[in-house]
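Working notes, structure below.
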Amino acid sequence: MGRKIEEFNRIKSAYPDYICLFHCGSNYEAYSEDALRIGKCLGIDIKTCNISDSPDAIPFICFPVYDLDKNLSKLIGNGLKVAIDDATL
């Protein structure tokens, strides 16, 4: 999980004003504040994940790749800018 979070944070630092979606396998994922904003906008349950070197749980959401078009339309329709990383790990 640590590698995913590191990659997500790298992308987020390049696009700080954007919601970042991270392609991982057959899902798109988001973490931290982005997860909270996306979860609220899309009505997706927010989960938590732990990184081995941190005692704090991080908010996390995911949704299937096949829902990207529908969810992207909702996010943009709610005024959010979205950056997508399609480099699957």
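Looking at region 15-29 only, could you name the residues that are open to solvent by less than 90 Å² (accessible area, probe 1.4 Å) and in contact (Cβ under 8 Å) with a residue 24 or more places away in the chain? Answer for region 15-29, where residues must be open to solvent by less than 90 Å² (accessible area, probe 1.4 Å) and in contact (Cβ under 8 Å) with a residue 24 or more places away in the chain: Tyr18, Ile19, Cys20, Leu21, Phe22, His23, Cys24, Gly25, Ser26, Asn27, Tyr28, Glu29.
Among residues of region 30-46 being within 15 Å of Phe8 (Cβ to Cβ) and open to solvent by 10 Å² or more (accessible area, probe 1.4 Å), the one that is modelled with the lowest pLDDT is Ser32. Scan region 60-80 for residues that are open to solvent by less than 60 Å² (accessible area, probe 1.4 Å) and within 22 Å of Tyr15 (Cα to Cα) and the total you get is 10. Taking (1) in contact (Cβ under 8 Å) with a residue 60 or more places away in the chain; (2) on the phi > 0 side of the Ramachandran plot in turn, Lys4 satisfies each apart from (2). Candidates Ala83, Ala57, Ala87: the one that is closer than 18 Å to Ile5 by Cα and buried (at least 16 other Cβ atoms within 10 Å of the Cβ) is Ala83.
The values are calculated or read from the model by the stated rules, or taken from the named source; none is laboratory data. Model, not experiment: these values are computed from the prediction. As a convention, Cβ positions derive from the backbone with ideal geometry for all residues, glycine included, and neighbour counts pool all protein chains shown. Note: areas computed on protein heavy atoms with side chains; ligands, DNA, RNA excluded. Shrake-Rupley method; radii C 1.70, N 1.55, O 1.52, S 1.80 Å.
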